[in-house]
Amino acid sequence: MISTASIIQSLLSGMLEGMNYALYCLGLAFVFGIMRIINMAHGEFLVLSGYIAYWLLVKWGFNPLLSLPIAAVIAAGASFLSYRVFLQRIRTTAELNTLILTFGIGIFLSNLYLQLWSADIRNIGVDWMEKPLMLAGIYISFGEIITFTISFIGVAALHSFLRHTKMGKAIRITAIDRDAATLAGINVERVDLLAFSIGGLLAGLGGPLLGMLSFVSPGTGLHITVKAFILTVLAGVGSIPGLIAAGMILGIGEAMTVTFVSSSYRELFGFALFLIILLVRPSGLFGKRI
Amino acid sequence: MKSYLPFQVSEKKMAIVTFVVVLTLPFILSFNPYYLSIFISALILGSVSLAWNLLAGVCGQVSFGHAAFFGIGAYASALLVMKAGFNPFLAMAGAAMTGVMGGLIIGIPAFRLRGPYFALSILGFAEVMKLLTLNLTSLTEGSKGVFNIPSLPLIKLGGMTFDFYISRTTNYYLAAALMFAIYLSIYFIRHSNIGLAMSAVHGDEETASGIGVPVFKTKIIALTVSAFCTALMGSFYAHYVHFLNPDSAFDGFWSVMPIVGSLFGGIGTLIGPSIGALVITGLDEFLFKRFFETGHKLFFGLLLTIVIVWAPVGLLGKWVKKR
C-alpha cells in the first residue's frame, strides 16, 4: 500500500486542500486579528453562500464560478446586518458577550438552513470539474486546481488590500491602537463595520468552493468554525501568510492520516496538533509572542 | 443596578420557591407519564445549566462544549455497568470522575491562554470525543449505539420502594434530588474562599493574580466541578433512557441548551439557570415545536441573541437581589 506514489499523492492533495483551508478560515482569522472578536457564526456565513450557489445552480443553472461573487456578496450582507443590528450594541462590553452573541446568531442560521433546505447534504458538482488529470500516476481533479487558484487569489488579495490601500491601512491602525486611530481622524466605528463585513465576504468566497469540493449541510458551519479557529491558533493571530502554511500543514497531515491510519481519524490530527501547539507554543507557529 | 421592579427576591427565597414548584409539579401534572418525561429532561438540563453557570457565570469561562462531559459521563456509566459489572450507583460516581478527567485533559492546555481559547477548544474537544466514540467500535459499539443499559437498582427504604425501572415519578424525584444537590454544592462553593477567587477571576484576571489569586488553579477547579456535575447528569441520563449512541449522548443540544437556559434565567444568579432551563424546555415542547418542526432550535439562537443584547443579566436576573 505505502508507496512513493501514494506519499506524493497525499502530499499534493493535502497541499491543494490546505490552500482551501486557508481560505475557509481567512474571514475568522481576519476578524479575530483586527477586532479581537471570534465570530462563531463564521461557518454559518460560509455555509449560507454555499447554499446560495447551490440554489442558483439548481433553479437557474448558474455556473458555480459565476455565482461565487453573488453568494459572497450575500454572505457579506448577512455579516453586515449581524454587526449593525446586534454586535455594534455590545461591542464595548465583556469579550465573552460577543462570543455568545455570535454563537446565538450561528445557532439561528444553522437551524434556519435546516428548516429551509432540510438536513440533506448538498453538493454543487459540475461535470467538467470532476474531470481527472493524471500525471505519472498522481490524480488531481480539475476542480481542485480551480479552487486552489481562487483560494490563493483570495488570500493574496486580502494581504495586499491590508498592505497597500488607504482603507486597509486604516483597518490595521485601528487594530493596533483605537484611540490613536480616532485622533488621526479615522471613524473607528465604520472601520469595525467594514472589517466585519469583509470577514463575511471572505467566508462567502469559501462556501461555493466547499460545496464544489465536498458538500454543505446545516451541520457543516460549526465544524468549519472550529477548524478555522484551530488554524488561526496554529498560524498565530494576525499572520495571514502564516495561514497558508498552517493550512497546508493541516491539509497534508490530514491526507497522511487518511493514507496511513484511517479516514475516520482524519479530524483527530488537527485537534491533536492544536492541543500540542497550545501547550508548546501558544502564540502559534508564525505569530508574535503574546 | 437600579431596579425599577416593584419587588425583588433574594437568591435563597428564589431557590426555595423553585424547589417547591419542582416538588409539586408531578401532582399538578397528575403524574401523566408524557409530561413527566418532558420535565425529567428539563431537570437534567437544569442541572447541567447550573454546572455550566458555575464555570461561565461565576468564574467567567464560557464553554461551548459541555456535551463532551455529558457524553463522557453517559458512556462511562453505561460501559462500567455493562462491561465491568459495576453497580449502577457506583458507576455514576465513576462516570462523574471520568468527566473530571476529561475536564483536566482539555482544561490544562486551554487555560494557559486567556480570552476565547477555552470556549473554542472545548467545542473542538466535544467534536473529538464524539468522533472517538464513533470509531472505537470495540468499546462503544460505534454508531450502532449501546442498547439495554440497565436502570438504577431497586431501593427499599423503610416501607417505601423506589423502582427506577418502571416508575417515571421515581426518576423524576431522583433528577430533582440531583439538581438540588448540585445547587447546594454550587451555593457553598460560591460562598467559600474558592468562590470568591472565581468571582475575582471573572472580574479581572490580572488584578486577581496581582492580589495573589491562583488564576489557573481556580479555573481548573471551576471546570472540574462543572464537569463532575455534568457527567453525573449524563450518567443519570444513560440509566434513564437505557440507550445511547454518539449522536444522542454528544448532541450539540447538551452544549447549547445550558447556555440558553443560563442566559435566559440570569447568568449572574445561582438558581436562575435551572429556572431558565425548565422554562425553556416547556416553551420548546409546547410552543416552538408547534411552529417549526425541524428547525425549532432557531428560537434558541434568537433568544440568546436578544437576551445578550437587550437583557444581559437575564430575564429573571432582575428579580434576584444582589447581596
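Residue-by-condition table, conditions (1) over 27 Å from A:Phe274 (Cβ atoms); (2) modelled with pLDDT of 90 or more:
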position: B:Ala15; (1), (2): yes, no
position: B:Ala93; (1), (2): yes, yes
position: B:Thr98; (1), (2): no, yes
position: B:Leu120; (1), (2): no, no
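Test B:Ile308 against the stated conditions and say whether it is aliphatic (A, V, I, L, M), in contact (Cβ under 8 Å) with a residue 40 or more places away in the chain, within 14 Å of chain A (Cβ to nearest Cβ) and out of contact with any helix residue (DSSP H, G or I) (no Cβ under 6 Å at 6 or more places or on another chain).
The answer is no for B:Ile308.
Hey, can you tell me all the residues within the range B:130-164 that are in a helix (DSSP H, G or I), surrounded by 15 or more Cβ atoms within 10 Å (Cβ to Cβ) and away from every other protein chain (no Cβ under 11 Å)?
B:Thr133, B:Thr140 - these are the residues of the range B:130-164 that are in a helix (DSSP H, G or I), surrounded by 15 or more Cβ atoms within 10 Å (Cβ to Cβ) and away from every other protein chain (no Cβ under 11 Å).
Mind listing whichever residues of the range B:94-111 are within 14 Å of chain A (Cβ to nearest Cβ), surrounded by fewer than 24 Cβ atoms within 10 Å (Cβ to Cβ) and β-branched (Val, Ile, Thr)?
Matches in the range B:94-111: B:Ile105, B:Ile108.
Could you name every one of the helices (runs of 4 or more DSSP H) located completely within the range A:218-290 that has at least 1 residues being among the aliphatic types (A, V, I, L, M) and under 14 Å from the mean Cα position of the chain (by Cα)?
A:220-235, A:240-260
Yes/no per residue for (1) more than 14 Å from every other protein chain (Cβ to nearest Cβ); (2) crowded, with 22+ Cβ neighbours inside 10 Å; (3) more than 27 Å from B:Gly115 (Cβ to Cβ):
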site: A:Pro69; (1), (2), (3): yes, no, yes
site: A:Gly77; (1), (2), (3): yes, no, yes
site: A:Ile90; (1), (2), (3): no, no, no
site: A:Leu99; (1), (2), (3): no, no, no
site: A:Gln115; (1), (2), (3): no, no, yes
site: A:Leu135; (1), (2), (3): yes, no, yes
site: A:Ile138; (1), (2), (3): yes, no, yes
site: A:Glu144; (1), (2), (3): yes, yes, yes
site: A:Phe152; (1), (2), (3): yes, no, yes
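Select from the range B:270-295 the residues that are crowded, with 19+ Cβ neighbours inside 10 Å and not in a helix (DSSP H, G or I) and write down the one among them that is nearest to the other protein chains (Cβ to nearest Cβ).
Residue satisfying both the conditions and the ranking: B:Gly295.
Using beta carbons and a limit of 7 Å, which pairs, at least six apart or on different chains, have the first residue in the range B:113-129 and facing chain A (nearest Cβ under 7 Å) and under 21 Å from B:Gly57 (Cβ atoms) and the second one of a type in the set (S, T, N, Q) and crowded, with 22+ Cβ neighbours inside 10 Å?
As it stands, the answer is B:Ala119/B:Ser63, since those pairs meet every condition given.
Could you say whether any residue in the range B:208-217 is more than 20 Å from B:Ala78 (Cα to Cα), touching a residue at least 12 places away in the same chain (Cβ under 8 Å) and within 14 Å of another protein chain (Cβ to nearest Cβ)?
So far as the range B:208-217 goes, yes, one or more of its residues are more than 20 Å from B:Ala78 (Cα to Cα), touching a residue at least 12 places away in the same chain (Cβ under 8 Å) and within 14 Å of another protein chain (Cβ to nearest Cβ).
Specify which of the listed residues (B:Ser262, B:Ser235) is under 13 Å from the mean Cα position of the chain (by Cα), in contact (Cβ under 8 Å) with a residue 60 or more places away in the chain and more than 14 Å from every other protein chain (Cβ to nearest Cβ).
That would be B:Ser235, the only listed residue that is under 13 Å from the mean Cα position of the chain (by Cα), in contact (Cβ under 8 Å) with a residue 60 or more places away in the chain and more than 14 Å from every other protein chain (Cβ to nearest Cβ).
The values are calculated or read from the model by the stated rules, or taken from the named source; none is laboratory data. Everything quoted here is computed from the prediction, not taken from an experiment. We place every Cβ from the backbone using ideal geometry, glycine too, and count neighbours over all the protein chains shown.
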